[in-house]
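Before any comments, here is the structure.
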Amino acid sequence: MLRVTGSLITNQVRAYDLLRMFGREGHPIPLGAAFAEYGRIDKTMHLLALVDPVDDTYRRLMNRQLTVQESRHRLARAICHGGRGQIRQAYREGQEDQLASLGLVLNAVVLWNTRYLDAAVAQLRSAAARCPRPGRLPAQA
């Protein structure tokens, strides 16, 4: 498995060729089955950390990431209000153009919000108002 990984990293073999070699006529060869089992170990560790009843740190981290992604999708739907956030172009080139322009506008909105909020926090701090430092909750400040 280490040799296969090394060959892939050093570009001596393409990933496409490896995937073709791992399965012959719809059945995996032993090396392909070993890689599949290795992937199942990581998936099992992920699921065990997710359902751990004692430590819910991993679950909270995933929930926070999902909330950020959902917020971005909600913003994209609000920006693209005419089509309710749906891609309306019939051809691939048109879809790519529509997605690229939506991504550009989303990034511009995020940049403007970041700069605006940073300026507002700087103004509050310069006015000697009590403003918590980054990474601290108001109760901890």
By residue number, the members of region 97-128 that are hydroxyl-bearing (Ser, Thr, Tyr) and either over 17 Å from residue 77 (Cβ atoms) or touching a residue at least 24 places away in the same chain (Cβ under 8 Å) (or both) are 114, 116, 126
When region 5-59 is examined, which residues are found to be aromatic (Phe, Trp, Tyr) and surrounded by fewer than 10 Cβ atoms within 10 Å (Cβ to Cβ)? 16
Would you check if residue 64 is among the charged types (D, E, K, R), touching a residue at least 24 places away in the same chain (Cβ under 8 Å) and under 30 Å from residue 104 (Cα atoms)? no
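Could you say which residue among 59, 74, 64, 20 is of a type in the set (D, E, K, R), assigned by TED's automatic domain parsing to the domain that holds residue 102, part of a helix (DSSP H, G or I) and farther than 30 Å from residue 102 by Cα?
Sole residue among the options that is of a type in the set (D, E, K, R), assigned by TED's automatic domain parsing to the domain that holds residue 102, part of a helix (DSSP H, G or I) and farther than 30 Å from residue 102 by Cα: 59.
The values are calculated or read from the model by the stated rules, or taken from the named source; none is laboratory data. Keep in mind that what you see is a predicted model, and the values were worked out from it rather than measured. A quick note on method: Cβ atoms are made from the backbone with ideal geometry, for glycine too, and the neighbour counts reach across all protein chains shown.
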